[in-house]
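First up is the structure itself, then whatever we jot down about it.
The values are calculated or read from the model by the stated rules, or taken from the named source; none is laboratory data. All values derive from a computational prediction rather than experimental measurement. In this analysis, Cβ positions are derived from the backbone assuming ideal geometry, glycine residues included, and neighbour counts consider all displayed protein chains. Side chains included, ligands, DNA and RNA excluded: accessible areas come from the protein's heavy atoms. Shrake-Rupley method; radii C 1.70, N 1.55, O 1.52, S 1.80 Å.
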Amino acid sequence: MNWSTVTEVFDRVLASGYGFEEAYLAAKKEPMLDPVAEFVHSVLYSFGTYLQVDKSIPHSLNEREAFADITWPIIRGALRLAGIASRYLEVPIQGVDERKNAHRNLITEPKAHTHFADGVGLLDGRQAYLAEASVLFSPDPRKRHIDEYKLKRALRDTLISQIKRIAEESVPPKGASVFGSTSFADKTKYYRLDFCGAFRLVQVGSMTVPITDSNFGGRMRRCLSSALEFAALILQEKKQREGAQDATMKERHEFARACTKIARTTASPASKSKRSQE
């Protein structure tokens with residue numbers, strides 16, 4: 001993936017001190033055949049839905065609007081540059097679905113409801129990145145803790161699911177990882193989860209989206225740079241998986257037995273009315 005023009009495009013379009021209008025006009029002068037320029041323009045175009053019309057981002061935006069128009073264009077654009085497919089808005093989490101229904105007889109028992117992610121990134125059709133988001137303005141402080149807890153559990157389920165799928169054909173690469181993000185108000189935190197004797201969750205980056213015109217260019221540049229750095233980590237994981245060694249039939253059986261010994265994720269804490277769904 002050639003990102004060689006990142007610095008040049010950012011210097012021209014997202015200069016320190018630029019307001020939104022200056023950055024947007026500069027972006028329109030860039031050649032759209034350059035994928036980096038296209039990425040920057042697509043993000044600014046989405047912000048322009050509000051900043052060109054009302055000169056401010058409405059405080060009344062609901063959670064989906066804020067995520068779809070402000071936060072997700074930055075993340076999704078970076079993923080696209082890295083060649084990583086994505087989906088967004090109420091996407092069922094595969095790993096959670098597998099965990100909650102693995103021990104159910106679906107002939108005689110109803111299927112348990114899965115959880116949903118606000119956004120996902122896909123590696124070879126499998127979910128390897130999960131995003132959780134809140135409203136952009138005045139979010140409930142409890143939402144941050146709920147989303148962080150939900151994401152950690154979902155990433156654990158996702159990593160287990162990924163390892164099982166990889167082990168059906170290949171030797172799971174050392175340090176296989178999955179990724180996540182939580183967006184609370186204007187700040188997004190990026191995470192990586194792997195397993196090395198224990199599940200390890202590490203924050204690998206963050207960004208704060210600009211919600212005013214003040215130094216819009218400089219603040220947006222930091223956002224896009226952070227998103228690209230995060231996408232590069234996922235791209236590295238993609239390449240590592242693509243280079244995984246084929247497993248022999250004996251190794252596949254050994255991996256399958258080992259996977260059955262992974263401790264099952266416990267049920268989510270829930271109110272009494274929701275307990276039956278967990």
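What does the extension gain come out to for PHE116 and GLU8, with contour length at 0.36 nm per residue minus their alpha carbon separation?
The span from PHE116 to GLU8 would gain 35.0 nm if fully extended.
Using the C-alpha atoms of the chain, what convex hull volume per residue, in cubic angstrom, is computed?
Dividing the Cα hull volume of the chain by its residue count gives 143 Å³.
Please find the FRET efficiency linking ASP140 to ALA102, where r is the Cβ-Cβ separation and R0 is fixed at 30 Å, and quote it to the nearest 0.05.
After rounding, the FRET efficiency stands at 0.40.
Got a sec to turn the phi values of segment 226-236 into Karplus ³J(HN,Hα) couplings, 6.51 cos²θ - 1.76 cosθ + 1.60 with θ = phi - 60°, whole Hz, x for Gly and Pro?
The phi angles translate into 5, 5, 5, 4, 5, 4, 5, 5, 5, 4, 4 Hz.
Sort all Cα-Cα distances of segment 94-138 into consecutive 10 angstrom bins from zero, then give the percent of pairs in each bin up to the one containing the longest distance.
Going from the shortest bin to the longest, the percentages are 23, 37, 27, 11, 2.
Based on the mean of other beta carbon atoms within 10 Å per residue, what is the order of 223-230, 191-198, most packed first?
Taking the mean over residues of other Cβ atoms within 10 Å, the ranking is 223-230, 191-198.
Please give the FRET efficiency for ASP54 paired with THR208, using the beta carbon to beta carbon distance and R0 = 25 Å, rounded to the nearest 0.05.
The pair ASP54/THR208 has a calculated efficiency of 0.75.
Tell me, what HN-Hα J-couplings in whole Hz come from the Karplus equation 6.51 cos²θ - 1.76 cosθ + 1.60 at θ = phi - 60° for each residue of segment 139-150, using x for Gly and Pro?
After applying 6.51 cos²θ - 1.76 cosθ + 1.60, I find x, 5, x, 5, 4, 4, 5, 5, 5, 5, 5, 4 Hz.
LEU201 to GLU242: FRET efficiency via 1/(1 + (r/R0)^6), r the Cβ-Cβ distance, R0 25 Å, to the nearest 0.05?
The calculated FRET efficiency here is 0.55.
Which three extents, in whole angstrom, do the alpha-carbon atoms of segment 72-118 cover along their principal axes, largest first?
45, 17, 12
Could I have the simple spin-label model distance between ALA256 and ALA232, label points 7 Å from Cα toward Cβ, reported in nm to one decimal?
Each label point lies 7 Å from its Cα, and together they span 4.1 nm.
Largest first, what is the accessible-area ranking of MET207, MET32 with a 1.4 Å probe?
These residues rank, largest area first, as MET32, MET207.
Which angle between 0 and 90 degrees, to the nearest 10, do you get for helix 35-51 versus the longest principal axis of the chain when only C-alpha atoms count?
For helix 35-51, the angle is close to 70 degrees.
Name the long-range amide H neighbours of LEU89: under 5 Å, sequence gap of 5 or more, or other chain; modelled H, no Pro or chain starts.
Residues meeting the amide H criterion: GLY119.
For segment 100-155, which chymotrypsin sites (Phe, Trp or Tyr not before Pro) are in a loop by DSSP, counting at most 14 other Cβ atoms within 10 Å?
Passing both the DSSP loop test and the Cβ count: PHE137.
Within the set LYS100/LYS150; LYS111/LYS238; LYS28/LYS187; LYS28/LYS238, which residue pairs have Cα atoms separated by over 21 Å?
LYS111/LYS238; LYS28/LYS187; LYS28/LYS238, as the Cα separations exceed 21 Å there.
Work out from phi, with θ = phi - 60° and the Karplus expression 6.51 cos²θ - 1.76 cosθ + 1.60, the ³J(HN,Hα) of each residue of segment 69-86, listed in order in whole Hz, and give x for Gly and Pro.
Going residue by residue, I get 9, 10, 7, 5, x, 5, 5, 5, x, 5, 4, 4, 4, 7, x, 10, 5, 8 Hz, with x marking Gly and Pro.
Can you tell me how segment 1-108 classifies by the Cα gyration tensor, rounded, prolate or oblate, using a/c under 1.5 as the rounded cut?
Oblate is the answer for segment 1-108, as a/c is 1.5 or above yet b/c matches or exceeds a/b.
Cβ under 12 Å from SER86's Cβ, SER86 left aside: what net charge do those residues give with Lys, Arg +1 and Asp, Glu -1?
With Lys, Arg at +1 and Asp, Glu at -1, the neighbours total +2.
As a test of reading the structure, rank ARG76, ARG64 by solvent-accessible area (1.4 Å probe, protein chains only), most first.
ARG64, ARG76
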